[in-house]
Amino acid sequence: MKKTLPLLLQILVLGCSSVNAEIQKPNVILFLVDDMGLMDTSVPMLADKNGKPERHPLNDWYRTPNMERLARQGIRFSQFYAQSVCSPTRASIMTGQNSARHRVTQFIAPEKRNNGPKGWRWEGLTQKDVTLPLLLRKQGYHTIFAGKAHFAPTGFEGEDPTKLGFDINIAGCSFGQPGSYYGEDGYGNLNPKRKKRAVPGLEKYHKTDVFLSEAITLEAKVAIDQSLENQKPFFLYMSHYAVHSPFNSDPRFASNYKDSKKPKNAQAYATLIEGIDKSLGDLMDHVASKGVAENTLILFVGDNGSDAPLGPVHGYSSSVPLRGKKGTCYEGGMRVPFIAGWAKPGKKNTFPIARDSLHNDQIGTVMDLYSTILDTAGVKNPSSHVVDGVSLLKQLSGRGNPDRPDHFMCHFPHSHRSSNFTAFRQGDWKLIYRYKGRKKYELYDLGKDPFETKNLAESERRKLKEMTKAMIVRLEKEGALYPSEGDKELKPLLP
Ligand code: CA
């Protein structure tokens, strides 16, 4: 019948068919791993002085064959930044804003108001927020949340991901740490000692030997099938509880580490890493088996620096050769793996992503994921909503983006492993400013000293002043809240 219609009318008929239009939109899997730092993988992510990925001993300790597979058919970033703890990163992914602006600057404590300056958003995200899944859903996406949410405390609306724009919530709630990874424990529900952090909603796996990472993956696959049956493009926010503590050993992989002579905790951590890697491979295989791999973009990312139980907090063990770990102001606290690729590279890909193990040595940040995913889906950010991130699509092509900002700021006006600091990276330089105590400034030339061994704050006074000025401008622009001492607000000081 269509053959008899004039051409213009045929175009109109096709254009009005929402199903056809939606099928063309790419599916997106945002694969977010909790507490996974840059070095927690067998994929060499860190670049050497010539900008080439370089192998380090930790790359030989961890086993992530599916990350290797994604890296081979996609592009990896060597300088990708997250915030130093969970919730700030998670709010940045949802809003595209830096933490100083959205003000979820500390991890959300499920049962109480966590410490921090007056006005910090300890109550987390709400229905009033413009969020990534909300915008995607309005444009026809099926939006699936799976795993760890940690968007708001218990009793606040944001604790439920379906209040923030997701159609489906698999196992997400207010807390960021599971009671148990074991099905035998009902993920905390069946173990009185673990019940405080009992993971909701996976009852059918209770009393089985299905590990938490596996259960979430199985349920995510079911949700993907629902999207495909309904002929809708999907956005899967695949957010593993792993590899956050408790470091429960995953029995499927324990034998790979038992002769290593490393501490039991470190071995268990490695099994958690291998478990999320299997999940990645299973999802890649699943979309391939459904015939949509060429139309499915995968963005793999960690939410803060490593928490590997391998040594001191501020030293060089968990993320070696990077200094520090999760929660600190050093690079090991905020550098995370980022790999992007089509589940299968091919002719149906909406846009080209560099392949053959290419990598990008420009800065990228968790704030950029919001704009990148909207760009991928052809969805516009509302003009009234300020974003700090930029789309990564040019960088994903492998050509780089000469126009992207070369700075990153982690603003943390709270007490934690590193307390009351702003870490500000601009170009090769990094400033760490501490609001309390006498030692206010640390300055590193990451171009020459990527592992932060020589504090140049005394010898490079001019650069120190320039960096502090630039940091203050950025803080003010984003509306940062500062720590206080008594009634006195501690604004940053020039040297
Ligand atoms: Ca985390």
Expected single match for assigned by TED's automatic domain parsing to the domain that holds residue 306 and within 16 Å of the ligand (Cβ to nearest atom) among 45, 67, 94 is 94
>> Given the condition buried (at least 17 other Cβ atoms within 10 Å of the Cβ), within 16 Å of the ligand (Cβ to nearest atom) and closer than 30 Å to residue 449 by Cβ, answer yes or no: does some residue in the stretch 356-365 qualify?
In response: yes
Check: Going by the structure shown, is residue 106 part of a loop (DSSP other than H, G, I, E, B) and closer than 21 Å to residue 35 by Cα?
Finding: yes
Any chance the stretch 301-319 includes a residue that's in the same structural domain as residue 83 (by TED's automatic domain parsing), buried (at least 24 other Cβ atoms within 10 Å of the Cβ), modelled with pLDDT of 95 or more and more than 16 Å from the ligand (Cβ to nearest atom)?
no
Condition set among the hydroxyl-bearing types (Ser, Thr, Tyr) and away from the ligand (no atom under 16 Å from the Cβ), scope the stretch 97-132, selection surrounded by the fewest Cβ atoms within 10 Å (Cβ to Cβ): answer is 126
If we ask which residues in the stretch 280-300 are in contact with a Phe, Trp or Tyr (Cβ under 8 Å, 6 or more places away or on another chain) and either open to solvent by less than 20 Å² (accessible area, probe 1.4 Å) or without any contact (Cβ under 8 Å) to a residue 24 or more places away in the chain (or both), their number turns out to be 8
Cβ pairs under 7 Å, 6+ apart or interchain, first in the stretch 221-244 and of a type in the set (Val, Ile, Thr), second in a loop (DSSP other than H, G, I, E, B) and within 16 Å of the ligand (Cβ to nearest atom), ordered by first then second residue, are 243/34; 243/35; 243/36
Among 164, 135, the single one that is closer than 16 Å to residue 373 by Cβ and surrounded by fewer than 24 Cβ atoms within 10 Å (Cβ to Cβ) is 135
Across (1) in contact with a Ser or Thr (Cβ under 7 Å, 6 or more places away or on another chain); (2) assigned to a helix (DSSP H, G or I); (3) open to solvent by 10 Å² or more (accessible area, probe 1.4 Å), residue 370 clears everything bar (3)
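The values are calculated or read from the model by the stated rules, or taken from the named source; none is laboratory data. The structure presented is a predicted model; accordingly, all values stated were derived computationally and were not measured. Methodologically, a virtual Cβ is constructed for each residue, glycine included, from the backbone with ideal geometry; neighbour enumeration extends over all protein chains shown. These accessible areas exclude ligands, DNA and RNA; they are computed on the full protein's heavy atoms, side chains included. Shrake-Rupley method; radii C 1.70, N 1.55, O 1.52, S 1.80 Å.
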